[in-house]
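Q: Below you'll find the structure I mean.
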Amino acid sequence: MLARYEQVKRQLRLMLIAANMVRALLEIIGAVWVSWIKWKTIHLEHNRNLHVF
């Protein structure tokens, strides 16, 4: 019974670690995505301003 409990505990810990890794990955992707959109928007605005003058 105790061995089974230890096994379940280990599996839960591994799942937690995996979930944290996935979350970290998603946060990184999200940050890159947002910064890319900002960069793109800034450059589009910049180009539009160049065309005006």
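Q: Report whether or not N20 is modelled with pLDDT under 95 and either not β-branched (V, I, T) or not in a helix (DSSP H, G or I) (or both). Spell out the reasoning first.
A: Details: modelled with pLDDT under 95: no; either not β-branched (V, I, T) or not in a helix (DSSP H, G or I) (or both): yes.
Against the criterion (modelled with pLDDT under 95 and either not β-branched (V, I, T) or not in a helix (DSSP H, G or I) (or both)), N20 does not qualify.
Q: In the list L50, L2, L44, which residue meets the criterion of being modelled with pLDDT under 90 and surrounded by 10 or more Cβ atoms within 10 Å (Cβ to Cβ)? Steps first, please.
A: On the way: L50 fails: surrounded by 10 or more Cβ atoms within 10 Å (Cβ to Cβ); L2 fails: surrounded by 10 or more Cβ atoms within 10 Å (Cβ to Cβ).
Among L50, L2, L44, only L44 is modelled with pLDDT under 90 and surrounded by 10 or more Cβ atoms within 10 Å (Cβ to Cβ).
The values are calculated or read from the model by the stated rules, or taken from the named source; none is laboratory data. Keep in mind it's a predicted model, so treat the numbers as computed, not measured. Methodologically, a virtual Cβ is constructed for each residue, glycine included, from the backbone with ideal geometry; neighbour enumeration extends over all protein chains shown.
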